[in-house]
Amino acid sequence: MTRRVSAGHAVLAATALCVIVIAASLSIGPEPLGPLHLLRQWRAGESIEDAAYILFSLRLPRTLAAFLAGAGLALVGCAFQALLRNPLATPYTLGLAGAGSFGTYTALVLIDFGRLPYSVIGVPMVQAFAFLFAAADVLLIFLVASRRARPTPAVLLLTGVTLGIIANSGIMLTRYFARPERLIDMDRWLMGGVDIVGYRPVAVLAIGVVPACLWLLTQAGKLDQFGFSEEMAAGRGVNITRLQLTVLLLGSFITGVIVSEVGPIGFVGLVVPHTVRAFTGAGHRLLMPVSLLSGGAFLCLCDLAARKVPVAGEIPIGIITTLIGGPFFLYLLVRGRFADWET
Amino acid sequence: MNRCLAAESVAFAYEPGAPVLRDVAATVRGGAVAGIVGPNGSGKSTLLRLLCGLLEPGSGRVTLDGRPLASFRPRERARSLAFLPQGVQPVFLLSAFEVVCLGRYPHVGALAGPSSHDLEVARRCMRDTATDDIRHRSFMELSGGERQRVLLASILAQEPELLLLDEPTAALDIHHETEVFTLLARLAGDGYGVGVVTHDLNLAARFCDTMVLLSREHAVAACGAPEAVLREETLSAAYGARIRVGAHPFTGTPLVYAEPPEGAP
């Protein structure tokens, strides 16, 4: 029997973590200023125009973007792990991030060669392609699975892994066709980054991620049933096909939006749910909201690290999450047991 | 009210041309244990899934108190009948109590967690199955017999009136399989209707009130009281083997024994 924290304490701790990390993210940077600093300056009657610009046009949108992306990726990881009954299921292992990246690259190359307008009726084509490719990935997974009498979670996972590999060679192909001077930008994007300016990306993330995440949270009770026994879940009135379709489509939508804005950021969907589960247990009514909050805080923290590592400029955030996530993953494998998993 | 779940001349095939059940009838009534027996591959588990409403019959119909089972909303159905499949393999680490609480799903709203009433029902079901003292232990660390009792508690927590179980004694030793069947008979005494798929004809003979014997040809070979079903010629034809039937020395119920194939040493 694992020792667990109470529901109230878990939510409180995750919320406190978010507040601290967001405050730190706003206060720490090349310029020593934060909300408190700004307030002091304002009361002293000094000009706060520059400071306000840095705070509200650079640091705040960047922090919000990191938070939304991390929260969404962690929540999708949680849901996929239960849905595929596998501790390794993440937006990554299902090929979603790869497919989204492939879509982004395809759009970039087509735009460069004048075969695709930058945007169609206001919808930026890069984002549209990222989402469409991610959705195609999920539909293909479902199509392959539904060709079989019973779409077992193992089939879904293997299909996703295979499609991810195909998407990666698709990325290579678009790189081969891309203009050489374009490659630097493209590769930089592939490393993931929340170094955004202004609120347009934040708005896209908020509109794309928040409603879908809330919808995904309502599936918690069904995911509990599904993780225990698929057949018992069906016997208790869970519509299995609808649950699979709902979670996969919501997951691909959330991932597609995030990937198109900040690039493929890996391991968040793996590190966060597994860590949170060790504290909350495997009940999704608690695990999912706490993972959501912790995922947001985790990516903000990674972004802070990316900004503060003492090298020229800053390190892409995708490299940071992978540097943290990779060893963590190996540790899970070596320990031979995932917290709160029976495998 | 005495519930009655009935399959009426149902047929089913997973793939066209390969019927798994032909024109089969079976009934599970409140207050009685109904055994579903037959050789491997005769369609016992499929029949149970049709009775649960998890599969739709190709022809014929399944009714609960005369109303077609397909017309029930899934959660409404789950409040009347509960299903315990074989080989439950949870992926998450759960305590026995958490497993039993999962049974409250058909009564709990989509967003709300279990209420104190739900937790009380779960505790009561654990007391009824003598699992209350192991409620804090991890489900997968329990012995086979304990695990089966916890699963029974978890389907009882659905507060159903009919229980449908697929080989609940598979992989249990003789003491624990008798324990499970004793519990099922006691539940039937309390008014539950029990439908149980089993391979153990002797246990079925001892504990079932009625039996349905499916044949290798996926049809009903016999049904009725155990003494009427467990006859040498009926069983031998259904299993395609030489089956002998005697009387149990202590209980007097039929005692079934399969002869080795002809020519075997």
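The values are calculated or read from the model by the stated rules, or taken from the named source; none is laboratory data. Keep in mind the model is a prediction, meaning the values are calculated, not measured. Positions of Cβ are generated from backbone atoms using ideal geometry, with glycine treated the same way; all protein chains shown enter the neighbour counts.
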> Taking only pairs six or more apart or across chains, which ones have beta-carbon atoms under 7 Å, a first residue in the range A:193-222 that is more than 23 Å from B:F92 (Cβ to Cβ), and a second residue that is exposed (fewer than 14 other Cβ atoms within 10 Å of the Cβ)?
Replying inline: A:V197/A:S57; A:G198/A:S57
>> Looking only at the range A:223-241, filter to residues that are more than 8 Å from chain B (Cβ to nearest Cβ) and not aliphatic (A, V, I, L, M); which one of those is surrounded by the most Cβ atoms within 10 Å (Cβ to Cβ)?
In response: A:F226
> Of the conditions (1) of a type outside the set (D, E); (2) assigned to a loop (DSSP other than H, G, I, E, B); (3) modelled with pLDDT under 80; (4) at negative phi, A:A89 fails just one. Which one is it?
Replying inline: (3)
> Among (1) surrounded by fewer than 20 Cβ atoms within 10 Å (Cβ to Cβ); (2) out of contact with any Asp or Glu (no Cβ under 7 Å at 6 or more places or on another chain); (3) in a helix (DSSP H, G or I), which single condition is A:V204 missing?
Replying inline: (2)
> Quick one: which of A:V161, A:V155, A:V144, A:V126 is in contact with a Phe, Trp or Tyr (Cβ under 9 Å, 6 or more places away or on another chain) and in a helix (DSSP H, G or I)?
Replying inline: A:V126
> Taking the range B:116-142, which residues are over 25 Å from B:G191 (Cβ atoms) and free of Cβ contacts under 8 Å to residues at least 12 places away in the same chain?
Replying inline: B:S116, B:D133, B:E141
> Of all the helices (runs of 4 or more DSSP H) wholly in the range B:74-163, which have at least 2 residues that are within 11 Å of another protein chain (Cβ to nearest Cβ) and closer than 15 Å to A:A233 by Cα?
Replying inline: B:74-78, B:96-102, B:144-156
>> Looking at B:L48 and the list (1) assigned to a loop (DSSP other than H, G, I, E, B); (2) at pLDDT 95 or above, which single condition is not satisfied?
In response: (1)
>> Between a residue in the range A:55-84 that is more than 15 Å from A:S291 (Cα to Cα) and any residue that is surrounded by fewer than 24 Cβ atoms within 10 Å (Cβ to Cβ) and acidic (D, E), which pairs come within a Cβ distance under 6 Å, given they are 6 or more apart or on different chains?
In response: none
> Just for the range B:142-185: of the residues that are closer than 21 Å to B:L201 by Cα and small (G, A, S), which one is modelled with the highest pLDDT?
Replying inline: B:A185
> Can you tell me which of A:L173, A:L214 is within 14 Å of another protein chain (Cβ to nearest Cβ), over 30 Å from B:E159 (Cα atoms), part of a helix (DSSP H, G or I) and over 14 Å from the mean Cα position of the chain (by Cα)?
Replying inline: A:L214
>> Among the residues that make up the range A:123-145, is at least one of them surrounded by fewer than 17 Cβ atoms within 10 Å (Cβ to Cβ), within 26 Å of A:E231 (Cβ to Cβ) and of a type in the set (V, I, T)?
In response: no
>> Here's a check for you: in the range B:1-42, which residue that is in contact with a helix residue (DSSP H, G or I) (Cβ under 9 Å, 6 or more places away or on another chain), over 18 Å from B:L184 (Cα atoms) and assigned to a loop (DSSP other than H, G, I, E, B) is farthest from the other protein chains (Cβ to nearest Cβ)?
In response: B:P39
